[in-house]
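Peer 1: Right, I'll just put the structure down here and ask away after.
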Amino acid sequence: MTGGEALARSLAANGVSQIFGIPGVQLDHAADALYHAGDDIAFTCVRNEQAATYMADGYARSTGRPGVAMVVPGPGMLNGLAGLATGYACSSPLLYVCGQIDSGAIGRGLGALHEIPDQSGILRTLTKWSGMAKRPEDIPGLVHRAFAELRSGRPRPVGLEIPPDVLAARADVQIPGAAPAAPAVPDQKPIDAVAEMLRGSRRPVIYAGGGVIAAGASEELRELAEILHAPVVMSENGRGAISARHRLAFDALAFRRLREDADVVLAVGTRFVTAFGGQVNTARARLVLINAEAADLGEPRAPELGVHADARLALAALAEELRGADRESRVAEFDAVRAWLEEQYADIAPQRAYLKAIRSTLPDDGVLVSELTQIGYAGNVCFPVYRPRTYLTPGYQGTLGYGFATALGAKTAAPERPVVSVTGDGGFSWTLQELSTAKKYGLATVTVVFNDGYFGNVRRIQKNRFGARYFASDLVNPDYAKLADAFGIAAARASGPEELEAVLKEALTANEPVLVDAPVGEFPGPWHLIHEGVPRPAPLETS
């Protein structure tokens, strides 16, 4: 078979049924192989490589199945790096298949089409593992290795480069079976030590990160929390690890109060560092870390105990050790914390009204993709999430413009699930060309563009820190209704939370892409709720 056929069959052997990308001359033999594999593998052709990696990320994080993007080398590979960086930050299982120039020309600087210096080196910086095929016979083993990396330890993007001459060449090739999952199994000794510490604690707190969701550990987390009567604080990427309706579920902001009386903090599947690079403050509580990434157990963190393990296996082992423990009620403590949270959330009441409109119309299994917009920032603080993998953010990468395309990937993964993208007029412009992709493939996402005519956060900083010396923060936007119409897509307008709720109720049942223009004014700053130590802002002036 050709190298292209070896690639297609190896991907299918590992359960791949969807690829996002753009064909090009260096990928011709891969594209032809995918044509013949069309019954097994669908291909979504995007309009910019950046969208290919965003869509693969949305596909992966909304399902837990690896997402695959395929692009040409050089400018194609570089265009997709924003999505790859987001996947790296958010521990997303993403395979990035990149074309190359002909094998004999690599590294020679001869000016081949799409040649860039050290493409392999660039790819290595944003992947957990990467490899290059030098013969068709290499491809199945490399694909197998790529999926072994995706299915072991901390999930992060992996890369595979294949030169066009290797894709075109023929050889006798053996296709191995799917790479098995290989989670990090905890040693019993540290589990015993953690169990003993928790057994003696009176007010433990569990801090759950995205690693809990990545490991599929929601049930194990819920069981352990109920055994301990311990509150579960969920990080931005951990939202939905247990349902927000659960009596033990808390937003991350609650940790500022819960830690005051906590004697043990069990942090699972989280980097457990602030945006400023230090360990999250645990007050006087003893700290235990559980993580599939050994590097996240050390500096700048100073845990009393660290366990290198898959979150699901570790939580299950702890529950087994602690079943039957007698715990006192903490209802009064939790009620006081919830009352305090409501006082804090009053600072972002305008944003919260929009979030309530979205939550009231989005089913429990519906996916909300939160962008870097004023509503999205607030959503990271207090949007109720009821199921794992239904709330997606760009994490610490803070990738402006990722939301719309990421939502298309989530919708591709499960067309029957409602998907809402919350974006700003600034961020939406990065990938608005993918309205074409939504139309072509019938991806019935609802995209809400909160339209204030500015890069809102940049403008707030310029106003508050630089004496209203505004620089390059104003925008000239299209008429979004006309833009949608140009792509053959339905449009709506929502002025205020009540109108948005009504629009969403209709749009989510339309079974077609809908673009919603939501004109808004200035919102109060949310940063004191997101980053501890940021001063509470003065109230907005009202006219």
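Peer 1: Output the strands (runs of 3 or more DSSP E) that fall wholly within region 1-104 and possess 3 or more residues being closer than 18 Å to residue 127 by Cβ, among the aliphatic types (A, V, I, L, M) and in contact (Cβ under 8 Å) with a residue 12 or more places away in the chain, or say none.
Peer 2: Numbers: elements: 18-21, 42-45, 67-71, 94-99.
Of the strands (runs of 3 or more DSSP E) lying wholly inside region 1-104, those with at least 3 residues that are closer than 18 Å to residue 127 by Cβ, among the aliphatic types (A, V, I, L, M) and in contact (Cβ under 8 Å) with a residue 12 or more places away in the chain span 67-71, 94-99.
Peer 1: In region 208-244, how many residues are under 19 Å from residue 532 (Cα atoms) and out of contact with any helix residue (DSSP H, G or I) (no Cβ under 6 Å at 6 or more places or on another chain)?
Peer 2: Count: 2.
Peer 1: Touching a Pro at 6+ places or on another chain (Cβ under 6 Å), within 18 Å of residue 66 (Cα to Cα), hydrophobic (A, V, I, L, M, F, W, C) and buried (at least 20 other Cβ atoms within 10 Å of the Cβ), is that true of residue 150? Walk me through it before giving the result.
Peer 2: Values: touching a Pro at 6+ places or on another chain (Cβ under 6 Å): yes; within 18 Å of residue 66 (Cα to Cα): yes; hydrophobic (A, V, I, L, M, F, W, C): yes; buried (at least 20 other Cβ atoms within 10 Å of the Cβ): yes.
Yes; evaluated as a whole, the condition is true for this residue.
Peer 1: Sticking with this structure for a sec: If only one of 361, 390 is under 14 Å from the mean Cα position of the chain (by Cα) and either within 20 Å of residue 507 (Cβ to Cβ) or of a type outside the set (S, T, N, Q) (or both), which one is it?
Peer 2: Criteria check complete, one pass: 390.
Peer 1: Additional query: Within region 168-183, identify whether any single residue is closer than 27 Å to residue 304 by Cα and outside any strand (DSSP E or B), and answer yes or no.
Peer 2: Within region 168-183 (the criterion being closer than 27 Å to residue 304 by Cα and outside any strand (DSSP E or B)), the answer is yes, since at least one residue qualifies.
Peer 1: OK, next. Would you check if there is a residue in region 459-471 being within 26 Å of residue 406 (Cβ to Cβ) and either β-branched (Val, Ile, Thr) or without any contact (Cβ under 8 Å) to a residue 12 or more places away in the chain (or both)?
Peer 2: Narrowing region 459-471 to residues within 26 Å of residue 406 (Cβ to Cβ): 459-461.
The next check asks that each one be either β-branched (Val, Ile, Thr) or without any contact (Cβ under 8 Å) to a residue 12 or more places away in the chain (or both); those that pass are 461.
Yes, because at least one residue in region 459-471 is within 26 Å of residue 406 (Cβ to Cβ) and either β-branched (Val, Ile, Thr) or without any contact (Cβ under 8 Å) to a residue 12 or more places away in the chain (or both).
Peer 1: Separate question: Which ones in region 497-532 are of a type in the set (Gly, Ala, Ser) and touching a residue at least 40 places away in the same chain (Cβ under 8 Å)? If you could, list the steps in order and put the result at the bottom.
Peer 2: Our first condition is that a residue be of a type in the set (Gly, Ala, Ser); within region 497-532, this holds for 502, 507, 510, 518, 521, 525.
Once the filter is applied, which keeps residues that are of a type in the set (Gly, Ala, Ser) and touching a residue at least 40 places away in the same chain (Cβ under 8 Å), region 497-532 yields 507, 510, 518, 521, 525.
Peer 1: Related question: Kindly indicate whether any position in region 164-178 is touching a residue at least 60 places away in the same chain (Cβ under 8 Å), of a type in the set (Asp, Glu) and in contact with a Ser or Thr (Cβ under 9 Å, 6 or more places away or on another chain).
Peer 2: Among the residues of region 164-178, at least one is touching a residue at least 60 places away in the same chain (Cβ under 8 Å), of a type in the set (Asp, Glu) and in contact with a Ser or Thr (Cβ under 9 Å, 6 or more places away or on another chain), which makes the answer yes.
Peer 1: Those residues that are out of contact with any strand residue (DSSP E or B) (no Cβ under 8 Å at 6 or more places or on another chain) and either modelled with pLDDT of 95 or more or among the small types (Gly, Ala, Ser) (or both), I need them from region 510-521; list them, please.
Peer 2: Of the residues in region 510-521, the ones out of contact with any strand residue (DSSP E or B) (no Cβ under 8 Å at 6 or more places or on another chain) are 511, 521.
Hit for region 510-521 is 521, nothing else.
Peer 1: Return yes or no: is residue 145 under 28 Å from the mean Cα position of the chain (by Cα), surrounded by fewer than 22 Cβ atoms within 10 Å (Cβ to Cβ) and either in a helix (DSSP H, G or I) or of a type in the set (Ser, Thr, Tyr) (or both)? Spell out how you get there, then give the answer.
Peer 2: Details: under 28 Å from the mean Cα position of the chain (by Cα): yes; surrounded by fewer than 22 Cβ atoms within 10 Å (Cβ to Cβ): yes; either in a helix (DSSP H, G or I) or of a type in the set (Ser, Thr, Tyr) (or both): yes.
It is true that residue 145 is under 28 Å from the mean Cα position of the chain (by Cα), surrounded by fewer than 22 Cβ atoms within 10 Å (Cβ to Cβ) and either in a helix (DSSP H, G or I) or of a type in the set (Ser, Thr, Tyr) (or both).
Peer 1: Step by step: first the residues of region 54-113, then only those that are touching a Lys or Arg at 6+ places or on another chain (Cβ under 9 Å) and hydroxyl-bearing (Ser, Thr, Tyr), then the one that is farthest from residue 405 (Cα to Cα). Which residue is that?
Peer 2: 103
Peer 1: Can you report the number of residues in region 392-416 which are more than 24 Å from residue 442 (Cβ to Cβ) and surrounded by 24 or more Cβ atoms within 10 Å (Cβ to Cβ)? Break it down stepwise before answering.
Peer 2: At the first step, the residues of region 392-416 found to be more than 24 Å from residue 442 (Cβ to Cβ) are 393-400.
Checking which are surrounded by 24 or more Cβ atoms within 10 Å (Cβ to Cβ) leaves us with 393-394, 399.
Of the residues in region 392-416, 3 are more than 24 Å from residue 442 (Cβ to Cβ) and surrounded by 24 or more Cβ atoms within 10 Å (Cβ to Cβ).
Peer 1: List the helices (runs of 4 or more DSSP H) inside region 439-543, counting only whole elements, that have at least 3 residues being under 26 Å from residue 344 (Cα atoms). Give the steps one after another, and end with the answer.
Peer 2: Working: elements: 456-465, 480-486, 497-507, 527-530.
So the answer is 456-465, 497-507, 527-530.
Peer 1: Would you point out which residue out of 375, 358 is assigned to a helix (DSSP H, G or I), among the aliphatic types (A, V, I, L, M) and surrounded by fewer than 24 Cβ atoms within 10 Å (Cβ to Cβ)? Outline the logic, then answer.
Peer 2: Working: 375 fails: surrounded by fewer than 24 Cβ atoms within 10 Å (Cβ to Cβ).
Step by step, each of 375, 358 is checked, and only 358 is assigned to a helix (DSSP H, G or I), among the aliphatic types (A, V, I, L, M) and surrounded by fewer than 24 Cβ atoms within 10 Å (Cβ to Cβ).
Peer 1: Among (1) of a type in the set (Ser, Thr, Tyr); (2) surrounded by fewer than 18 Cβ atoms within 10 Å (Cβ to Cβ); (3) at pLDDT 95 or above, which single condition is residue 543 missing?
Peer 2: (3)
The values are calculated or read from the model by the stated rules, or taken from the named source; none is laboratory data. Quantities reported herein were computed from a predicted structural model and do not represent experimental measurements. In this analysis, Cβ positions are derived from the backbone assuming ideal geometry, glycine residues included, and neighbour counts consider all displayed protein chains.
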